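In what follows, a single structure is set out as structure tokens and then discussed.
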């Protein structure tokens with residue numbers, strides 16, 4: 001028989017240990033733990049993928065919102081520019097109308113002043129003519145004829161002025 005040395009007892013201990021492990025179903029538990037860990041890792045990967053897709057959709061949405069905001073800002077700027085151009089044109093037109101009205105009013109005042117001056121000159125000329133005629137007539141005619149001629153000339157001047 002073979003000598004029972006420490007190696008033999010180590011072999012027996014190893015066999016008993018493996019039998020005990022098999023009896024307690026340790027490999028199944030290890031496999032179960034590994035399967036659970038693999039499932040957990042798979043779930044974490046799926047969650048990470050879902051979060052990545054969600055982040056990409058949020059990025060796309062924010063880019064779309066930014067483009068919409070830029071387009072809206074551009075339309076607001078264009079509308080403000082159109083309104084400013086319209087206000088400028090309106091102000092220019094009102095200024096031109098004001099200048100035209102002031103010019104017309106000034107021309108009307110000038111014509112009125114010319115008319116007043118002409119009337120004043122005519123009136124002065126009539127007065128001068130009357131006074132000259134009166135002097136000439138008074139020198140050539142007697143008092144009775146002078147009154148008659150004066151009244152007749154005065155009536156003619158009045159009818160011509162009116």
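The values are calculated or read from the model by the stated rules, or taken from the named source; none is laboratory data. Bear in mind the structure is a predicted one, so any value in this text is a computation, not a measurement. When we count neighbours, we look across all protein chains shown, and the Cβ atoms used for this are built from the backbone with ideal geometry, even at glycine.
From 139, 91, 79, 133, grab the single residue that is part of a helix (DSSP H, G or I), exposed (fewer than 10 other Cβ atoms within 10 Å of the Cβ) and either free of Cβ contacts under 8 Å to residues at least 12 places away in the same chain or over 17 Å from the mean Cα position of the chain (by Cα) (or both). Give the steps one after another, and end with the answer.
Numbers: 91 fails: exposed (fewer than 10 other Cβ atoms within 10 Å of the Cβ); 79 fails: exposed (fewer than 10 other Cβ atoms within 10 Å of the Cβ); 133 fails: exposed (fewer than 10 other Cβ atoms within 10 Å of the Cβ).
None of the other options fit; the residue is 139.
The condition of being assigned to a helix (DSSP H, G or I) and either surrounded by 10 or more Cβ atoms within 10 Å (Cβ to Cβ) or modelled with pLDDT under 95 (or both) holds for only one of 4, 20, that being 20.
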